[in-house]
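The values are calculated or read from the model by the stated rules, or taken from the named source; none is laboratory data. From a predicted model like this one, the values you see are computed outputs, not experimental measurements. Here the Cβ positions follow ideal geometry from the backbone for every residue, glycine too, while neighbour counts run over all protein chains shown. Each accessible area value is taken on the protein alone, full model and side chains, heavy atoms only, with ligands, DNA and RNA left out. Shrake-Rupley method; radii C 1.70, N 1.55, O 1.52, S 1.80 Å.
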Amino acid sequence: MLFVLGLLIQEIVEAWRQGAFIYFSKWWNVVDTVIILTFMVAYVLWLVAWRVYGEWRPEKKSFIVADAIYASASVIAYFHLAHFFQVNSTLG
């Protein structure tokens, strides 16, 4: 959760510095925004499901949906990071 919060703050500062039009004209910024939003949706769904059931019940459908969204966000973040390593001459 701290990773997502740090990434969110970093992207907000970058969007503020560049301006929204320039920020979203670059595809990697759009991918970063999608990653942050999918992580946030998963966290919100987990919280809502936990509040509805009053306890952590991973066998319930709402928890499974939140897990699937979280897994999708993790895969997108991994491939985004792998692409960064591939493009970077020092790391790749």
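Worth pointing out:
- Among the residues of the stretch 49-69, just one is touching a Ser or Thr at 6+ places or on another chain (Cβ under 8 Å) and either acidic (Asp, Glu) or at pLDDT 95 or above (or both), namely ILE69.
- Listing of helices (runs of 4 or more DSSP H) fully contained in the stretch 1-77 that carry 3 or more residues being within 14 Å of the chain's Cα centre (by Cα): 2-18, 27-53
- Cross-chain or 6+ apart pairs with Cβ under 7 Å, the stretch 56-81 first and over 14 Å from LEU37 (Cβ atoms), then hydroxyl-bearing (Ser, Thr, Tyr): LYS60/TYR53
- For the stretch 80-92, filtered to residues that are out of contact with any helix residue (DSSP H, G or I) (no Cβ under 9 Å at 6 or more places or on another chain) and open to solvent by 60 Å² or more (accessible area, probe 1.4 Å), the residue that is modelled with the highest pLDDT is LEU81.
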